[in-house]
Structure formats: C-alpha cells, structure tokens
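Taking it in order: structure first as structure tokens, then the write-up.
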Amino acid sequence: FTAETAGTLDRLKAEALIASTRANEGDAKAAGNWFKAANDTLLDMRNPIDQLAALPVLARHYYAANDLATAEELLGWSRHGLLSIPPSDRRDDIVESVAASYAALGLIDEAALTTRYFFTGALERDLRLARLAREAAERGQFLPAQGLVSLIDSGAQRSATRARMSLIARFQGQVELAD
C-alpha cells in the first residue's frame with residue numbers, strides 16, 4: 001500500500017459507512033449521494049487489486065442499506081476479478097473478505113464455494129471455513145454455521161469449531177443451540 005491508495009480505501013470505507021447509515025435513517029437522497037461518492041472513490045483507485053479489496057467493503061454497505069442485488073453484483077465482480085490474480089497473501093486476504101461478505105449477506109453457499117475454490121490446501125481451507133462458521137454463529141446464523149462446519153474435513157478442527165459455536169450460543173442466551 002502507498003499512503004495514497006490506503007487513504008483512498010479508507011475514504012471509500014467512510015463514504016460507504018455514511019451512505020448505509022443515511023439509508024437506514026430514511027434519508028434516501030443523502031444515501032444516494034454518499035454511495036455515488038464511494039463509487040467515484042472506487043473508480044479513482046489506481047490499483048486494480050485495491051479496487052478488488054474495496055468491492056466487498058462496498059458490498060456490505062449496500063447490503064446494510066437493503067440493496068442485496070447490488071451487494072451480490074459487487075461480490076460477483078470481486079470473485080471474478082480474483083481469478084486473474086496469482087496466489088499471494090494479498091489475494092488470500094481479499095478472498096477471505098469476499099467469503100466473509102457473502103456469509104454476512106446470508107449467502108453461506110457462496111461463502112463456502114469461494115473458500116473451497118481459492119484455498120485448496122486442506123488445513124488452510126478448514127481453518128478459513130471454521131472462521132466463517134464462527135463469524136456466522138456470532139451473527140446468530142447457527143444453521144448456516146453448522147453447514148459450514150460440515151464442510152470441514154479435519155475432525156479435530158470440526159470439533160473445536162463446534163465447541164466454539166456452543167460457547168457463542170450460550171453467551172447469546174441460546175442454550176438450546178449449544179451442544
């Protein structure tokens with residue numbers, strides 16, 4: 001990251017947050033203006049990888065503003081763009097962000113498919129699926145989280161994730177969901 005691109009991504013995050021907040025407050029005009037500003041910031045980014053990193057952020061805010069169609073479209077573009085990037089830590093971070101965004105939108109199947117496609121190493125894939133399952137449980141999405149757990153190949157990792165989900169359920173007062 002250069003200071004300029006990091007600032008641009010930070011600006012996009014702030015603009016998108018303000019846009020989704022205004023949408024939830026019922027101020028459609030202000031929300032539209034802020035989303036336009038966030039989209040302009042996205043287009044002003046010079047590095048296509050930074051743009052890919054920004055898409056899941058923008059998608060989550062469109063979803064928070066009750067625009068699921070745009071959020072899904074942005075995540076689809078992001079996943080498609082990731083196909084052209086060679087494996088790297090940066091790509092892995094973006095893939096994880098895309099998968100987490102799919103999960104946050106309730107699109108658990110897409111989150112699992114994205115994770116399984118881009119992370120082919122068994123241990124790495126299992127760890128990332130476990131993280132997605134825990135995050136889904138933290139959002140109260142226990143049934144989708146259990147589906148993600150079922151995709152984990154390692155018995156030890158699967159058991160550890162179930163135990164963590166059980167603790168989350170107890171903490172949230174949903175004792176009937178705890179194992």
Among the residues of the stretch 40-63 satisfying the criterion of being out of contact with any Lys or Arg (no Cβ under 7 Å at 6 or more places or on another chain) and polar (S, T, N, Q), which is nearest to residue 22 (Cα to Cα)?
-> 51
Across (1) surrounded by 22 or more Cβ atoms within 10 Å (Cβ to Cβ); (2) at positive phi; (3) not polar (S, T, N, Q), residue 26 clears everything bar (1)
When residue 86 is run through (1) assigned to a helix (DSSP H, G or I); (2) within 25 Å of residue 110 (Cα to Cα), the failure sits at (1)
Residues being part of a loop (DSSP other than H, G, I, E, B) and open to solvent by 40 Å² or more (accessible area, probe 1.4 Å): count how many of those fall in the stretch 147-160.
-> 3
So which of 115, 120 is closer than 26 Å to residue 75 by Cβ, free of Cβ contacts under 8 Å to residues at least 24 places away in the same chain and not in a helix (DSSP H, G or I)?
-> 120
If you go through the stretch 17-49, how many residues are in a loop (DSSP other than H, G, I, E, B) and either among the polar types (S, T, N, Q) or within 18 Å of residue 68 (Cβ to Cβ) (or both)?
-> 1
Within the stretch 123-146, is there a residue that is over 23 Å from residue 57 (Cβ atoms) and part of a loop (DSSP other than H, G, I, E, B)?
-> no
Within the stretch 64-99, tally of residues that are of a type in the set (A, V, I, L, M), touching a Lys or Arg at 6+ places or on another chain (Cβ under 9 Å) and surrounded by fewer than 20 Cβ atoms within 10 Å (Cβ to Cβ) | 2
Hey, residue 102 in a helix (DSSP H, G or I), more than 19 Å from residue 151 (Cα to Cα) and among the aromatic types (Phe, Trp, Tyr) or not = no
Could you tell me which residue of the stretch 124-143 is farthest from residue 101 (Cα to Cα), considering only residues that are open to solvent by less than 60 Å² (accessible area, probe 1.4 Å) and basic (Lys, Arg)?
-> 125
If only one of 117, 102 is open to solvent by less than 20 Å² (accessible area, probe 1.4 Å), within 30 Å of residue 69 (Cβ to Cβ) and hydroxyl-bearing (Ser, Thr, Tyr), which one is it?
-> 102
Determine, yes or no, whether residue 41 is hydroxyl-bearing (Ser, Thr, Tyr) and in contact with a Ser or Thr (Cβ under 7 Å, 6 or more places away or on another chain).
-> yes
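The values are calculated or read from the model by the stated rules, or taken from the named source; none is laboratory data. Given the structure is predicted, the values throughout are model-derived calculations rather than measurements. For neighbour counting, all protein chains shown are included, and Cβ atoms are generated from backbone atoms with ideal geometry for every residue, glycine included. These accessible areas exclude ligands, DNA and RNA; they are computed on the full protein's heavy atoms, side chains included. Shrake-Rupley method; radii C 1.70, N 1.55, O 1.52, S 1.80 Å.
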